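A.B. asks: Starting off with a structure, shown below.
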Amino acid sequence: EKDVYGNRNIARALIESDIAGYFNVDSGDPEMLELRDRFGVDSGTTGDGGYLALMAAQALTKGISRCVTIKVADGLDSHQSGAWEADHGPSMREGFDAISALATHLEETPFGSEPGDNWLNHTTIMCFSEFSRGPELNSNGGRDHHLINAMLMLGGGIKGGQVLGATTDLGMMASPIDLATGAVSPVGELVGNNHIARTLLHSIGIEEDIGDFRANPIAALLEDA
(Lines give C-alpha, C1' and ligand atoms only; values in the text may rest on other atoms or scores of the structure.)
Protein backbone atom coordinates (compact mmCIF):
# COMPACT_ATOMS: atom_id res chain seq x y z
CA GLU A 1 0.00 0.00 0.00
CA LYS A 2 2.90 2.33 0.79
CA ASP A 3 4.36 1.81 -2.69
CA VAL A 4 0.98 2.60 -4.27
CA TYR A 5 0.80 5.95 -2.51
CA GLY A 6 4.45 6.60 -3.32
CA ASN A 7 3.75 6.11 -7.03
CA ARG A 8 0.71 8.37 -6.81
CA ASN A 9 2.81 11.08 -5.20
CA ILE A 10 5.39 10.80 -7.98
CA ALA A 11 2.67 11.01 -10.62
CA ARG A 12 1.11 14.04 -8.90
CA ALA A 13 4.49 15.79 -8.69
CA LEU A 14 5.04 15.27 -12.41
CA ILE A 15 1.59 16.64 -13.24
CA GLU A 16 2.11 19.69 -11.04
CA SER A 17 5.47 20.38 -12.67
CA ASP A 18 3.69 20.93 -16.01
CA ILE A 19 5.61 18.24 -17.88
CA ALA A 20 3.88 19.16 -21.15
CA GLY A 21 6.10 22.22 -21.29
CA TYR A 22 9.19 20.03 -21.55
CA PHE A 23 7.90 18.62 -24.84
CA ASN A 24 6.43 21.72 -26.45
CA VAL A 25 9.06 21.79 -29.17
CA ASP A 26 7.31 24.61 -31.03
CA SER A 27 7.22 27.03 -28.10
CA GLY A 28 9.17 30.29 -28.11
CA ASP A 29 10.74 29.57 -24.73
CA PRO A 30 14.47 30.49 -24.85
CA GLU A 31 15.52 27.11 -23.46
CA MET A 32 13.46 25.27 -26.06
CA LEU A 33 14.85 27.46 -28.86
CA GLU A 34 18.35 26.53 -27.73
CA LEU A 35 17.42 22.85 -27.70
CA ARG A 36 15.94 23.10 -31.20
CA ASP A 37 19.24 24.48 -32.43
CA ARG A 38 21.28 21.87 -30.57
CA PHE A 39 19.24 18.99 -31.98
CA GLY A 40 19.21 20.31 -35.55
CA VAL A 41 15.44 20.76 -35.61
CA ASP A 42 15.44 24.12 -37.40
CA SER A 43 18.33 23.34 -39.73
CA GLY A 44 16.75 20.01 -40.73
CA THR A 45 20.06 18.17 -40.39
CA THR A 46 18.52 15.49 -38.19
CA GLY A 47 15.15 15.05 -39.94
CA ASP A 48 12.22 13.94 -37.82
CA GLY A 49 14.67 12.07 -35.59
CA GLY A 50 15.88 15.38 -34.19
CA TYR A 51 12.46 16.11 -32.69
CA LEU A 52 12.34 12.69 -31.07
CA ALA A 53 15.93 12.86 -29.82
CA LEU A 54 15.13 16.21 -28.20
CA MET A 55 12.08 14.76 -26.47
CA ALA A 56 14.06 11.70 -25.35
CA ALA A 57 16.66 14.00 -23.79
CA GLN A 58 13.95 15.92 -21.95
CA ALA A 59 12.28 12.74 -20.67
CA LEU A 60 15.60 11.46 -19.31
CA THR A 61 17.15 14.60 -17.84
CA LYS A 62 13.91 15.95 -16.34
CA GLY A 63 13.30 12.70 -14.43
CA ILE A 64 10.19 11.73 -16.37
CA SER A 65 11.40 8.35 -17.65
CA ARG A 66 14.36 6.04 -17.11
CA CYS A 67 13.93 4.27 -20.44
CA VAL A 68 13.02 5.83 -23.81
CA THR A 69 12.59 4.30 -27.27
CA ILE A 70 12.62 6.46 -30.40
CA LYS A 71 12.94 5.98 -34.18
CA VAL A 72 15.58 8.35 -35.54
CA ALA A 73 15.60 7.28 -39.21
CA ASP A 74 12.93 6.19 -41.67
CA GLY A 75 12.57 5.51 -45.38
CA LEU A 76 15.31 2.88 -45.41
CA ASP A 77 13.48 0.25 -47.48
CA SER A 78 15.90 0.46 -50.40
CA HIS A 79 15.02 -2.48 -52.65
CA GLN A 80 15.12 -0.28 -55.75
CA SER A 81 18.24 1.35 -57.18
CA GLY A 82 16.89 4.89 -56.91
CA ALA A 83 16.06 4.54 -53.20
CA TRP A 84 19.42 2.94 -52.44
CA GLU A 85 21.50 5.46 -54.36
CA ALA A 86 19.65 8.66 -53.50
CA ASP A 87 17.76 8.21 -50.23
CA HIS A 88 19.37 5.54 -48.06
CA GLY A 89 22.59 7.33 -47.18
CA PRO A 90 21.05 10.72 -46.34
CA SER A 91 18.34 9.06 -44.22
CA MET A 92 20.96 7.11 -42.29
CA ARG A 93 23.03 10.26 -41.80
CA GLU A 94 20.05 12.12 -40.33
CA GLY A 95 19.57 9.31 -37.82
CA PHE A 96 23.23 9.23 -36.81
CA ASP A 97 23.25 13.03 -36.47
CA ALA A 98 20.22 12.81 -34.17
CA ILE A 99 21.98 10.24 -31.95
CA SER A 100 25.13 12.37 -31.96
CA ALA A 101 23.11 15.39 -30.82
CA LEU A 102 21.50 13.33 -28.06
CA ALA A 103 24.83 11.97 -26.80
CA THR A 104 26.43 15.43 -26.89
CA HIS A 105 23.53 16.96 -24.97
CA LEU A 106 23.66 14.25 -22.31
CA GLU A 107 27.43 14.63 -22.01
CA GLU A 108 27.12 18.40 -21.52
CA THR A 109 24.25 18.16 -19.02
CA PRO A 110 25.46 17.86 -15.40
CA PHE A 111 24.22 14.91 -13.35
CA GLY A 112 23.77 15.28 -9.61
CA SER A 113 26.18 17.27 -7.46
CA GLU A 114 29.41 15.44 -8.29
CA PRO A 115 31.72 17.82 -10.20
CA GLY A 116 32.33 16.69 -13.79
CA ASP A 117 29.61 14.04 -13.77
CA ASN A 118 27.12 14.10 -16.63
CA TRP A 119 24.00 12.34 -17.90
CA LEU A 120 25.83 10.34 -20.55
CA ASN A 121 27.74 8.58 -17.78
CA HIS A 122 24.39 7.31 -16.51
CA THR A 123 22.71 6.55 -19.83
CA THR A 124 23.36 3.66 -22.22
CA ILE A 125 22.35 4.37 -25.82
CA MET A 126 21.61 1.37 -28.04
CA CYS A 127 20.95 1.81 -31.77
CA PHE A 128 19.67 -1.00 -33.97
CA SER A 129 17.31 -1.94 -36.79
CA GLU A 130 15.00 -4.93 -37.06
CA PHE A 131 17.10 -6.14 -40.01
CA SER A 132 19.93 -4.88 -42.20
CA ARG A 133 20.44 -4.49 -45.92
CA GLY A 134 21.99 -7.24 -48.00
CA PRO A 135 25.69 -6.91 -48.86
CA GLU A 136 25.08 -7.37 -52.58
CA LEU A 137 22.93 -5.47 -55.07
CA ASN A 138 19.75 -7.20 -56.20
CA SER A 139 18.47 -7.40 -59.79
CA ASN A 140 16.89 -3.93 -59.38
CA GLY A 141 20.13 -2.32 -58.31
CA GLY A 142 18.95 -1.98 -54.70
CA ARG A 143 19.59 -3.97 -51.54
CA ASP A 144 17.30 -6.57 -49.98
CA HIS A 145 17.04 -7.75 -46.36
CA HIS A 146 19.86 -9.63 -44.68
CA LEU A 147 20.09 -11.96 -41.67
CA ILE A 148 23.20 -10.30 -40.22
CA ASN A 149 22.92 -6.91 -38.58
CA ALA A 150 25.00 -4.44 -36.60
CA MET A 151 24.33 -2.54 -33.40
CA LEU A 152 25.79 0.70 -32.04
CA MET A 153 26.24 1.14 -28.29
CA LEU A 154 27.64 4.05 -26.31
CA GLY A 155 27.35 5.82 -23.01
CA GLY A 156 27.52 4.74 -19.40
CA GLY A 157 29.42 1.53 -18.77
CA ILE A 158 30.21 0.88 -22.44
CA LYS A 159 33.81 0.53 -23.62
CA GLY A 160 33.69 2.56 -26.82
CA GLY A 161 35.99 2.99 -29.80
CA GLN A 162 35.92 -0.63 -30.90
CA VAL A 163 34.25 -2.96 -33.38
CA LEU A 164 33.32 -6.43 -32.16
CA GLY A 165 32.62 -9.28 -34.54
CA ALA A 166 32.85 -9.67 -38.30
CA THR A 167 31.21 -11.38 -41.23
CA THR A 168 32.66 -14.34 -43.07
CA ASP A 169 34.34 -13.93 -46.46
CA LEU A 170 32.11 -16.66 -47.87
CA GLY A 171 28.40 -15.90 -47.65
CA MET A 172 28.96 -12.83 -45.46
CA MET A 173 27.42 -14.55 -42.45
CA ALA A 174 28.19 -13.87 -38.78
CA SER A 175 31.47 -15.03 -37.24
CA PRO A 176 31.60 -16.25 -33.63
CA ILE A 177 33.55 -14.12 -31.16
CA ASP A 178 35.31 -14.54 -27.85
CA LEU A 179 32.95 -12.74 -25.44
CA ALA A 180 35.81 -11.76 -23.15
CA THR A 181 37.96 -10.08 -25.80
CA GLY A 182 35.57 -9.42 -28.69
CA ALA A 183 37.95 -11.07 -31.13
CA VAL A 184 36.71 -13.43 -33.81
CA SER A 185 37.20 -17.00 -32.60
CA PRO A 186 36.17 -20.34 -34.11
CA VAL A 187 35.33 -21.56 -30.60
CA GLY A 188 33.45 -18.40 -29.63
CA GLU A 189 29.72 -17.61 -29.67
CA LEU A 190 27.46 -16.12 -32.32
CA VAL A 191 26.15 -12.91 -30.78
CA GLY A 192 22.42 -12.22 -30.67
CA ASN A 193 20.08 -9.79 -28.95
CA ASN A 194 19.99 -12.11 -25.95
CA HIS A 195 23.71 -11.48 -25.38
CA ILE A 196 23.11 -7.72 -25.44
CA ALA A 197 20.28 -8.02 -22.92
CA ARG A 198 22.47 -10.05 -20.55
CA THR A 199 25.27 -7.52 -20.99
CA LEU A 200 23.05 -4.59 -20.03
CA LEU A 201 21.74 -6.41 -16.98
CA HIS A 202 25.29 -7.35 -16.00
CA SER A 203 26.35 -3.70 -16.30
CA ILE A 204 23.88 -2.71 -13.57
CA GLY A 205 24.92 -5.53 -11.26
CA ILE A 206 22.38 -8.23 -12.10
CA GLU A 207 24.41 -11.41 -12.46
CA GLU A 208 21.56 -13.92 -12.54
CA ASP A 209 19.92 -14.72 -15.88
CA ILE A 210 16.55 -13.43 -14.67
CA GLY A 211 15.17 -13.09 -18.20
CA ASP A 212 16.12 -16.65 -19.19
CA PHE A 213 18.18 -15.26 -22.08
CA ARG A 214 20.41 -18.34 -22.01
CA ALA A 215 23.44 -16.32 -23.05
CA ASN A 216 26.51 -14.90 -21.35
CA PRO A 217 27.26 -11.17 -21.12
CA ILE A 218 29.78 -9.71 -23.57
CA ALA A 219 32.55 -8.65 -21.19
CA ALA A 220 34.46 -6.95 -24.02
CA LEU A 221 31.70 -4.32 -24.24
CA LEU A 222 31.94 -3.22 -20.62
CA GLU A 223 34.32 -0.67 -19.14
CA ASP A 224 34.66 -2.42 -15.79
CA ALA A 225 35.07 -5.97 -17.13
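A.B. asks: With a sphere of radius 12 Å drawn around the Cβ of Pro135, what net charge do the other residues whose Cβ falls strictly inside it have (Lys, Arg +1; Asp, Glu -1)?
C.D. replies: It works out to a net charge of -1.
A.B. asks: Still on this structure, I have one more. Suppose all protein chains stay in the model; what accessible area per residue would a 1.4 Å probe give for the chain, in Å²? Could you put the intermediate results ahead of the total?
C.D. replies: Values: 14000 Å² over 225 residues.
With all protein chains present, the chain gives 62 Å² per residue.
A.B. asks: So, R0 is 41 Å and r is the distance between the beta-carbons of Ser113 and Ala20; what FRET efficiency does that work out to, to 0.05?
C.D. replies: The calculated FRET efficiency here is 0.90.
A.B. asks: At R0 = 35 Å, how high is the FRET efficiency between Glu34 and Phe131 if r is their beta carbon distance? Nearest 0.05 is fine. Walk me through the numbers before you get to the answer.
C.D. replies: Values: r = 37 Å, r/R0 = 1.06.
Efficiency computed from Cβ-Cβ geometry: 0.40.
A.B. asks: Take the chain, mark every one of the trypsin sites (Lys or Arg not before Pro) that falls in a DSSP loop and has at most 13 other Cβ within 10 Å, then report the longest stretch left between them, sites excluded.
C.D. replies: On the way: sites that count: Arg66, Lys71, Arg214.
Value returned for the longest uninterrupted segment is 72-213.
A.B. asks: Multiply the residue gap between Arg214 and Lys62 by 0.36 nm, knock off their C-alpha separation, and tell me the result in nm, one decimal place. Please list the in-between numbers first.
C.D. replies: On the way: separation 152, 0.36 × 152 = 54.72 nm, distance 3.54 nm.
That pair, Arg214 and Lys62, stretches by 51.2 nm at full extension.
A.B. asks: Run through region 98-197 and list the GluC sites (Glu not before Pro) located in a DSSP loop whose Cβ has at most 16 other Cβ atoms within 10 Å. Could you put the intermediate results ahead of the total?
C.D. replies: Details: sites: Glu107, Glu108, Glu130, Glu136, Glu189; in loops: Glu130, Glu136.
Those that pass, being in a loop and sparsely packed, are Glu130, Glu136.
A.B. asks: Let me ask something additional. Extending each Cα 7 Å along its Cβ direction at Glu223 and Asp42, get the distance between those two points in nm, one decimal.
C.D. replies: 3.4
A.B. asks: Under a crude label model (7 Å from the Cα following the beta-carbon direction), how far is Val187 from Arg93 in nanometres?
C.D. replies: Modelled inter-label distance: 4.6 nm.
A.B. asks: Using a 1.4 Å probe on the protein chains only, how many percent of the accessible area of region 96-148 belongs to carbon and sulfur?
C.D. replies: Here carbon and sulfur together make up 53 percent of the probe-accessible area.
A.B. asks: Give the label of the value calculated from the structure for semi-axes √(5λ) of the Cα gyration tensor in Å, choosing from [x] 33, 27, 15; [y] 34, 22, 16; [z] 37, 21, 12.
C.D. replies: Structure-derived value, by its label: [x].
A.B. asks: Per the helix-only calculation at 222 nm, which mean residue ellipticity applies to the chain, given -39500 (n - 2.57) for every DSSP H run of n ≥ 4 and division by its residues, nearest 500 deg cm²/dmol?
C.D. replies: Details: 5 runs with 70 residues, N = 225.
Using -39500 (n - 2.57) per qualifying helix, the result is -10000 deg cm²/dmol.
A.B. asks: So if I take the centroid of the Cα atoms in region 95-126 and the same for region 25-68, what is the distance between those two points in Å?
C.D. replies: 13
A.B. asks: What FRET efficiency would be calculated for the residue pair Ser81, Asn194, taking the C-beta separation as r and a Förster radius of 41 Å, to the nearest 0.05?
C.D. replies: That gives a FRET efficiency of 0.70.
A.B. asks: What does the charge count near Gln80 come to, summing +1 for each Lys or Arg and -1 for each Asp or Glu among other residues with Cβ under 11 Å from its Cβ?
C.D. replies: Residues close to Gln80 contribute a combined charge of -3.
A.B. asks: May I pose another question? Leaving ligands, DNA and RNA out of it, report the carbon-plus-sulfur percent of the accessible area of region 19-76 at a 1.4 Å probe.
C.D. replies: The value for region 19-76 is 50 percent carbon and sulfur by accessible area.
A.B. asks: Taking only C-alpha pairs under 8 Å that are 6+ residues apart, what is the relative contact order of the chain in percent?
C.D. replies: Averaging sequence separation for qualifying contacts and normalising by length gives 12 percent for the chain.
The values are calculated or read from the model by the stated rules, or taken from the named source; none is laboratory data. Bear in mind the structure is a predicted one, so any value in this text is a computation, not a measurement. FYI the Cβ positions are ideal-geometry reconstructions off the backbone, even for glycines, and counts take in every protein chain you see. For accessibility, only protein heavy atoms count, side chains too; no ligands or nucleic acids. Shrake-Rupley method; radii C 1.70, N 1.55, O 1.52, S 1.80 Å.
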